[in-house]
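Here is the structure we will look at.
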Amino acid sequence: MDHSDDAVPISELLDERKHLLDVAYWMLGSSSAAESVINETYRQWYQLSDAERAGIVAPRAWLAKAAGGICLARLAMPERSASAGSGRTAGTAEPSALEEEISEVLLNALDSLSPQERAAFVLNGVFGMEPGTVADVVGQSEPEVAELTLRARDSLRARRARPTTAAEHDAVAVRIRRACATQDEALLASLMAPDVTAFFDGGGKIRAMIKPVHGTERVARCLLGLLDSGSRTTLRAQSVNGRTGLVMRYDQQVVAVISLDIAAHRVVQVWVVLNPDKLRSWNQPSTANP
């Protein structure tokens, strides 16, 4: 949707509302709370004057920012903190499709984050909202938003990946590489936990998955689709953030770096960095591995 006064297809309007509900659900972990936030978001939209709405070039982005602000305010409420993690589906007859996809483990891990960390991680790290917009929502600078996102990611890793020995981690990572290189979907899926989640960081600089992907089969298909086995593409298992991960090169240029969080011999989280800015250090001739 580009202009607020355009006639917009109903399919686009429904997709917009679903996107906003997804954002709110990731932020709050409750379908009923997400519905309430989106209703309030649209109320704020219609409280604008006609001239104000006409001046908004990207209504969907405006609505997402408004929803994020409402969610952050609710996350900061004392009564919300006291009840976090309980009664997620209260007020709904059936769990939503998103609730069925996202594991309770991951939602509980999100509950452990501070409101600002959760907002930064969800808005920027999960849904790819521009850092400047996220900074406006959380009331902090862009560098501080980057730090919040990184801190949230590290916290999720620590909670979800139970300690494994270096040898155990390396063995699983090598098998993941082999499955990807041979396009063996069954083997790849067998190496992942049932509630595995994959996050894709394109940084708005390359067309990548915007939302996280959940479940063994979907994550396996996404990785195999990304890591094609063309003759100009190579995939190596090497050190990524101190643990064995995967590095993909196209004509010797690093185009993707994948880190793996492993627990009980299964991958529980996959972090795929595609953002060219973040890969710049990998392509420095004098730098081995960052």
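Go through segment 104-116 and give me each residue that's in a helix (DSSP H, G or I) and either touching a residue at least 60 places away in the same chain (Cβ under 8 Å) or under 16 Å from Met77 (Cβ atoms) (or both).
Val105, Leu106, Leu107, Leu110, Asp111, Pro115, Gln116
Residue check: is Val257 within 19 Å of Arg153 (Cβ to Cβ) and modelled with pLDDT under 90?
no
Out of the residues in segment 218-235 meeting the condition of being of a type in the set (D, E, K, R) and surrounded by 13 or more Cβ atoms within 10 Å (Cβ to Cβ), tell me which one is nearest to Asn124 (Cα to Cα).
Across segment 218-235, the extreme among qualifying residues is Arg218.
Among the candidates Leu13, Leu28, Leu48, single out the residue that is at pLDDT below 95, surrounded by 13 or more Cβ atoms within 10 Å (Cβ to Cβ) and farther than 24 Å from Pro131 by Cβ.
Just a single option satisfies the conditions, and that option is Leu48.
Can you work out which of the residues in segment 272-290 that are in a loop (DSSP other than H, G, I, E, B) and small (Gly, Ala, Ser) is surrounded by the most Cβ atoms within 10 Å (Cβ to Cβ)?
Going through the qualifying residues, I end up with Ala288.
Within segment 248-285, can you find the residues that are touching a residue at least 40 places away in the same chain (Cβ under 8 Å) and within 26 Å of Ser231 (Cβ to Cβ)?
Of everything in segment 248-285, those that are touching a residue at least 40 places away in the same chain (Cβ under 8 Å) and within 26 Å of Ser231 (Cβ to Cβ) turn out to be Leu260, Val270, Val272, Val273, Leu274, Asn275, Pro276.
With the condition kept exactly as written, say whether any residue in segment 31-54 is in the same structural domain as Glu117 (by TED's automatic domain parsing), farther than 30 Å from Leu113 by Cβ and in contact with a Ser or Thr (Cβ under 8 Å, 6 or more places away or on another chain).
So far as segment 31-54 goes, yes, one or more of its residues are in the same structural domain as Glu117 (by TED's automatic domain parsing), farther than 30 Å from Leu113 by Cβ and in contact with a Ser or Thr (Cβ under 8 Å, 6 or more places away or on another chain).
The values are calculated or read from the model by the stated rules, or taken from the named source; none is laboratory data. Note that the structure is a prediction, hence the values are computed from the model and not measured. Don't worry about glycine lacking a Cβ; one is built from the backbone with ideal geometry, like all the others, and counts go over all protein chains shown.
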